[in-house]
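Structure record follows, encoded as structure tokens.
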Amino acid sequence: MPDTILPSAARPGAGAVPAATSAPAGPARILRIGVEGMTCASCTARVERVLKAQPGVISASVNLAARRAQIVVTGRSVTAQALAAAVTAAGYDSSAEAEPAATAGQDEGAALRRDLVIAAVLALPVFLAEMGGHLIPALHHWVAMTVGMQTSWVIQAGLTALVLAGPGRRFFVRGIPGLLRGAPDMNSLVALGTASAFVYSLTVTFAPGLLPPPARSVYFEAAAVIVVLILAGRWMEARARGRTGAAISHLIGLRPRTALVARDGTLAERDVATLDVGDLVHLRPGERVAVDGDVISGSSHIDESMLTGEAAPVFKTAGDRVTGGTVNGTGAVVFRATAVGSDTVLSRIIAMVEDAQGAKLPIQAMVDRVTLWFVPAVMAVAALTVGLWLVFGPGLAEALVAGVSVLIIACPCAMGLATPTSIMVGTGRAAELGVLFRRGEALQSLHRVAWVAFDKTGTLTEGHPRLTDFIAASGQAGPETLALIAAVEAGSEHPLAQAILAAAADRGITVPQARRFRAMPGYGAEAMVDGRKVTVGADRLMAREGLDPGPLAAEAARLAALGRSPLYAAVDGQVVAVLAVSDPVRAGTPPALAALRSMGYRLAMITGDNRQTAGVIAADLALDRVEAEVLPGGKVDALRGLGGTVAFVGDGLNDAPALAAADVGIAIGTGTDVAIEAADVVLMSGDPRGVVTAVDLSRRTMRNIRENLIWAFGYNVALIPVAAGALVPFGGPQLSPMLAAAAMAASSVFVVGNALRLKRVGRAAQGDLT
């Protein structure tokens, strides 16, 4: 799998890479490897320790649900193959290629299903022969009179041996080596429990003289049925885990295999993997767009809903951009490829989702500390249980039953799956709804913020302002002055500049060439046009330059009171005009803000716009606080001034510092690449309602994780004492090892099933919440 180069200045606290003191110099990279054979949280902790011990490794995060490890390394000498080899040497099956969770889950599920069927067929006669008599006494008498109990035990021994040596072999192959290395895991518990019951029963069958008569009972059915039940639990878990990775599989499925490409004068179907930047791709009606590109001829409506969540197809014609994975309508289009392979938007989305799904949230640290010692602690409790039963109980057989029940009922796998399965389903569902969590930590941080602060232009508003007013000073020629202003704005990428240029074009004004253009972020811009110094910007720029607007100040105040953004223009040190632009509020802004307000969040707007204009918009939107006339560098201070934890939503280049500084940065996907790279969460569409969806998913996912952890820890705390016989002194029954196995299998299935409920979460603030 291709590695990912991390930015050289990752934001602390949001997936930042700490400086390595002993690692070789070089850019930090992310490598991913697949790891099979992990069954519980103890396994993930040990794989992480193995990876972190390798030279050049900065950090490692292992995901039990995804069967994948994500490693941050420095230096080109560290390879995924070498890391996979180290994990394999530690007793796990590892490969340099990490399969999607859905594919891995399907493969594992097929193998488990086969072994489950074999184990069940072999265990059924054992169970009926030994336990059937308790349900149907006549069956017990029939076996005793026809086959004989001793012969029955020998047959049970043979069938149970086949179960343990065949379908149950996996527990011994992984569990015993781990036990010998001093690193026991879930397999070790099952291997010890089943082996104890089997060896004890063999002794009763073939060497009964070694045991006192009251202790001569066999437990072949316990060993066999334990294997069946645990395999059943793992099969159901594998099927469910496959569904947790369905979002990734769906995204991968959006990639077409071939495309019609014009190359070297010929038009032919080519494998998408062979496409190069600059290739001309012919897109036929109904086809999926193969790679990202710019349309050079033709027109059509493109369905981008699978990426943005927007249902309405988008019209594309020459000069427009198309995105790989989207679906063409009824038109024919030719486009030039601008990004292929891992550089396409779809590939980057898949990488983002994989990174988020592989993330380890801060809440997981506590789980890791507990589970690292959980299996050794369970083994100690089992040994203590046997000892207490031998001293205070009726005999050896009962002591064995209690010890095996403790070993089998303990479920570290539920604790290991509690967090990663919820993360996988939550982030996958978010991606389907057009919300990308670039950093998994944001999933935990977002639901705890006190403030949600928004940039104005392009975030709360459409980002396509238009010139509404142009007032020239007395004695100034309007068209000539507008031409000078447009010449300066031609060098700017700000949306307001585009509005002025569009107005000049609409009026048929010829725009002269500007020289020595200088942008002043937060203030405006200036340039030399036809030998004259032209300055365009906000009132604070005029004040800084010592320019007096005169009578135009009253006009600017009037326009600001209408919610428009006034700008001044000065030529050779004299203010010659005031302009006003208006940027309509997005249709989704009011319902998004209403939903956030109902959730208990305080709302703020941070903008560089005129204070009076910002105040009018803030009043219309019922915001709790507005910070106006804020320079780009001042947005960070404005965020800190809000107090408490803050999520900031922005889209522009000047929003990048604030997005990076906020507790959670949320970028509008229609914004600049710099803003998106600085953010923790990306909204694929420009609709602010995506913020509500992100917050809602964060809340639901964290609640789901807490439910899973409460179940996983509560289950073990409550049932391990029951398995040890805590209820027996009070007249309660002694727990059967078979019931213990059923409870353990159900525990991990419950955790995964609970996480899968997140797949039903709908799009927030649009009447689609479930």
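Is segment 357-497 rounded, prolate or oblate when judged by the Cα gyration tensor, a ≥ b ≥ c being the square roots of its eigenvalues, rounded requiring a/c under 1.5 and prolate requiring a/b larger than b/c? Prolate, because a/c is 1.5 or more and a/b exceeds b/c. Charges were assigned to the Cβ only: +1 to each Lys and Arg, -1 to each Asp and Glu. The resulting dipole of segment 482-547 about its Cα centre is roughly 220 debye.
Note on segment 441-534: Kirkwood radius taken over Cα pairs, Stokes-Einstein applied at 4 °C and 1.567 mPa s, translational D equal to 83 µm² s⁻¹. Shown for the chain: cysteine residues without a partner Cβ closer than 4.7 Å, namely CYS43, CYS411. At full extension, ALA273 and LEU562 could sit 98.6 nm farther apart than now, given 0.36 nm per residue minus the alpha carbon distance.
Placing unit charges on the Cβ atoms only, positive for Lys and Arg and negative for Asp and Glu, gives the chain a dipole magnitude near 1760 debye about its Cα centre. Under a 5 Å amide H cut-off, with hydrogens placed 1.01 Å from N, VAL314 pairs with ILE302, ASP303, GLU304 among residues at least 5 apart or on other chains. Sorting LYS456, LYS533, LYS759 by solvent-accessible area of protein heavy atoms yields LYS533, LYS759, LYS456, largest first, with a 1.4 Å probe.
In this rough spin-label picture, where each label sits 7 Å from Cα along the Cβ direction, the MET366-ARG321 distance is 4.3 nm.
Per-residue ellipticity at 222 nm, computed for the chain from helices alone with -39500 (n - 2.57) per DSSP H run of at least four residues, works out to -15500 deg cm²/dmol. Between PHE392 and ASP93, the C-beta separation translates, for a Förster distance of 30 Å, into a calculated FRET efficiency of about 0.10. Here the label points at VAL199 and MET145, each 7 Å from Cα along the C-beta direction, are separated by 3.9 nm in the simple model. Using a probe of 1.4 Å on the protein chains alone, the accessible area found for THR266 is around 70 Å². Between ALA380 and ALA554, the contour length at 0.36 nm per residue exceeds the Cα-Cα span by 54.3 nm. Our analysis of segment 531-604 gives Rg over Rh at 1.20, with the two radii drawn from alpha carbon positions and Rh computed by the Kirkwood formula. Positive end of the dipole of the chain (Cβ unit charges, origin at the Cα centre): among VAL333, SER698, PRO584, the Cα lying farthest that way belongs to SER698.
Taking only protein heavy atoms and a 1.4 Å probe, the accessible area of the chain is 59% carbon and sulfur. Note on MET520/ASP572: beta-carbon distance plugged into 1/(1 + (r/R0)^6) with R0 of 22 Å gives a FRET efficiency of 0.80. Of the residues ARG216, ARG263, ranked by 1.4 Å probe accessible area with the largest first, the sequence reads ARG216, ARG263. With the whole protein complex present, HIS464 retains an accessible surface near 140 Å², based on a 1.4 Å probe. Note on ARG507/LEU260: beta-carbon distance plugged into 1/(1 + (r/R0)^6) with R0 of 41 Å gives a FRET efficiency of 0.40. Surface exposure of segment 572-709, expressed per residue as accessible area with a 1.4 Å probe, stands at 33 Å². Straight-line cross-link partners of LYS52 among the lysines, defined as a Cα under 30 Å from its Cα and at least 8 positions apart when in the same chain: LYS360. Length gained on full extension, ARG544 to ALA53: 171.0 nm, using 0.36 nm per residue less the C-alpha separation. Per residue, the accessible area of segment 423-525 comes to 40 Å², computed with a 1.4 Å probe over protein heavy atoms only. The accessible area of TRP711, taken with all protein chains in place and a 1.4 Å probe, comes to roughly 90 Å².
The modelled label-to-label distance between LYS759 and ALA165, using points 7 Å beyond Cα along the C-beta direction, is 4.0 nm.
The values are calculated or read from the model by the stated rules, or taken from the named source; none is laboratory data. Since the structure is predicted, the reported quantities are computational estimates derived from the model, not experimental observations. Heads up, the Cβs are rebuilt from the backbone with ideal geometry, glycines too, and the neighbour counts pull from every protein chain shown. In case anyone asks, the SASA skips ligands and DNA or RNA and just uses the protein heavy atoms, side chains included. Shrake-Rupley method; radii C 1.70, N 1.55, O 1.52, S 1.80 Å.
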